[in-house]
Structures are given as C-alpha cells and as structure tokens.
Amino acid sequence: MIKAKFLAIFAILCVGVIALGQVLVVVQAEPFSMVYLNDIYYGMVGIDGKLEITLTSYGQYRVRVVKDWFVAYESVVYTSPNTRIVIAAQMKRAGALRIFSNVYPVEVYIEGKFIGRANSVKDLLYVPEGTQYVTFKSDGYIPETRMLTFNYTKETAVNINLIPEALMVDLKIEPEAFSPNGDWYKDTTTFYIYLSKPAQLVVEAIDQNKNVVWSWRGKGKSGTNTIIWTGVGLPDGTYEIRVTALTDSEAYYVSRPVTIDRSVYTYTKEITLTVLGIGLFGVLLFFLLSTSQ
C-alpha cells in the first residue's frame, strides 16, 4: 500500500515537472489555416481563428501557416521552458499564378522577395492580390519581369520564353604562389571559378613543356565554384591553370599562371604545435592545482 502511494506521488511529481517545462504556442490566423512547425503538421486553426500548440522541446522553430487563396505566412520563433508565445499570422489574400514556360523550374520573385518555384505547368503559386511586378528566373537564363494583375480566388496565367545567358567564365587563383612543403603555410592554393550558368568543367595544370600534369573534371554550378589544389608530386615551377567550360552549344576557356615554390620553410607548423602544447600544459597544470586544493 505504501509502495502504491509512493508511486502515485512520484507520478504526480513527474507530471508536474513535465508541465512546468511546457511551452504554449498560440497561432492566430485565418480560420481553417494549416500550421506547420519545422515542416511538421501540428493542426488546423479553428473557426475562432486560434490554434493552441503545447511543446515539450525548446529552441528554434520555423513556423509556416498556409491556406488556399492566401499567401503563406512564415516566421521563426525561439522557445524556452514555461513560456507562452502568441504568433499573429497576418495572411494576405491571393490570386493564383500558372506559368507556361520554355524551361523549368522557374523561380518567382516580387520586389526581390521569393514567392515560390514552379517545377511544371501543373504548379500553382499564390501571389498577393493586386497589380505586381513579377520576375521569373531560371538558372542559366536571363530573368524576365512582367506586370501582372491578380484577383482573389482567380487564376492568372502567363506565357514566358526565357532566353539562355551567354556562357561566361572567369578564374582567380589565391594564392598565386604556394609552397606544398608541409609547413602549414600556403601549402595549397584555391581556384575560384565563376560561371554565368551551369556547365561541364575541365581544370588542367600544364607545365612549361605543354604537358598536362594534373586535371579535374566535374559539373560546375552558376556562380562561384572552388577547387583546392595541393600540387603534390609536381616539381617547383610555374604552371598554366586552364579552365574549360562546356555546354551543349558553347565552349569557353580561361587560363592563369600559378607558381609552386618550396624554397622557403616557415616553421609555422612547429610554432603552432608548440603554442598549442604550452596552452594545453597550462590548462592541465591549472586543473591539477585547482583539484589539489
């Protein structure tokens, strides 16, 4: 009997501790909106425009509130034990946008704000009602902007023909001279390759006898691509780094020189390891002294 009473009291205390650590999140939004936290569905807003969610874990939550014919509401909240958070999700009425395009996916922006992505003509995007300047983007194509009018609960269709960007390539090397001698100072160099659109990349190191002594091949993305080069196994000297970018209809190449020079050893590794060793010894000595008192 005593054991049963003890277990009952223990259970009540546990429930009390758990309850003390709970977080109450109140979402105020359009009735019948669906609420997601960190992409997990938590329920639907009631006819009174409220949804109460009890959480037992804390930290950062991504809040997304969605409803047909309204622009989705998104925000980030930070929770801590024993708190009550009220989220007032102001949702704008929307029309629907259907995109007929010569290329997919297409990203949609209004005044620089990302609205959504259409992966095919089947996808509808909700856009705030009214007249808007809408920009359409697709990787490797010149963006196009249209002025369109959207009406609440109505669909607006647009036909766009995006023009491919010309292939452009640039190469920067940093540092332009490096020393792969294991001293932890300029042991490698980095190739920064700019592409105006995705392309196949071929990167080659060519010696003074015009021989290809190292190469790398792969898929390059639009924007910055980085490749770290160690120069291992190659003698000191100046090499030509040639970058060739290829698409189905275009080819473009650029080259820059880089120098391998192992003549100077800086002892950076030894100095770093010595400083770290002294620091660790100091921490250990402090710990031993503090525990001995």
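Would you mind stating whether THR226 is in a strand (DSSP E or B), at pLDDT 95 or above and surrounded by fewer than 16 Cβ atoms within 10 Å (Cβ to Cβ)?
Taking the combined requirement at face value, the residue satisfies it.
Okay, residues lined up against (1) over 26 Å from the mean Cα position of the chain (by Cα); (2) under 30 Å from ARG146 (Cβ atoms); (3) modelled with pLDDT under 95:
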residue: VAL45; (1), (2), (3): yes, no, no
residue: TYR58; (1), (2), (3): no, no, yes
residue: VAL77; (1), (2), (3): no, no, yes
residue: ARG84; (1), (2), (3): yes, no, yes
residue: ASN102; (1), (2), (3): yes, yes, no
residue: ALA118; (1), (2), (3): no, yes, no
For this session: Considering only region 151-165, state which residues are assigned to a strand (DSSP E or B) and within 16 Å of PHE100 (Cβ to Cβ).
Result: GLU155, THR156, ALA157, VAL158, ASN159, ILE160
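Yes or no: ARG98 in the same structural domain as MET34 (by TED's automatic domain parsing), assigned to a strand (DSSP E or B), of a type outside the set (A, V, I, L, M) and surrounded by 14 or more Cβ atoms within 10 Å (Cβ to Cβ)? Write out each step before concluding.
Values: in the same structural domain as MET34 (by TED's automatic domain parsing): no; assigned to a strand (DSSP E or B): yes; of a type outside the set (A, V, I, L, M): yes; surrounded by 14 or more Cβ atoms within 10 Å (Cβ to Cβ): yes.
No; evaluated as a whole, the condition is false for this residue.
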Problem set entry | Test for VAL134: is it over 30 Å from GLN22 (Cα atoms) and touching a Leu at 6+ places or on another chain (Cβ under 6 Å) | yes
Exercise. Could you count how many residues in region 242-269 are among the acidic types (Asp, Glu) and touching a residue at least 12 places away in the same chain (Cβ under 8 Å)?
Worked result: 2
Exercise. Here is a list of conditions, (1) assigned to a strand (DSSP E or B); (2) exposed (fewer than 14 other Cβ atoms within 10 Å of the Cβ), and VAL134 meets all of them except one; can you say which number that is?
Worked result: (2)
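Take the residues in region 166-193 that are part of a loop (DSSP other than H, G, I, E, B) and of a type in the set (Ser, Thr, Tyr), then tell me which one is nearest to the chain's Cα centre (by Cα).
Ranking the qualifying residues of region 166-193, first place goes to THR188.
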Exercise. Which residues, taken from region 243-264, are farther than 30 Å from GLY140 by Cβ and either among the polar types (S, T, N, Q) or under 39 Å from the mean Cα position of the chain (by Cα) (or both)?
Worked result: THR259, ILE260, ASP261, ARG262, SER263
For this session: Keeping to region 137-150, report how many residues are assigned to a strand (DSSP E or B) and at pLDDT below 95.
Result: 1
Problem set entry | Leading residue by the ranking (farthest from the chain's Cα centre (by Cα)) among those in region 194-223 that are surrounded by fewer than 14 Cβ atoms within 10 Å (Cβ to Cβ) and assigned to a strand (DSSP E or B) | VAL212
Exercise. Going through region 101-114 one residue at a time, which ones are outside any loop (DSSP other than H, G, I, E, B) and closer than 18 Å to TYR141 by Cβ?
Worked result: SER101, VAL106, GLU107, VAL108, TYR109, PHE114
For this session: Check whether at least one residue in region 94-105 is among the basic types (Lys, Arg) and touching a Ser or Thr at 6+ places or on another chain (Cβ under 8 Å), and report yes or no.
Result: yes
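The values are calculated or read from the model by the stated rules, or taken from the named source; none is laboratory data. Just so it is clear, the model here is predicted, and its values are computed rather than measured. Don't worry about glycine lacking a Cβ; one is built from the backbone with ideal geometry, like all the others, and counts go over all protein chains shown.
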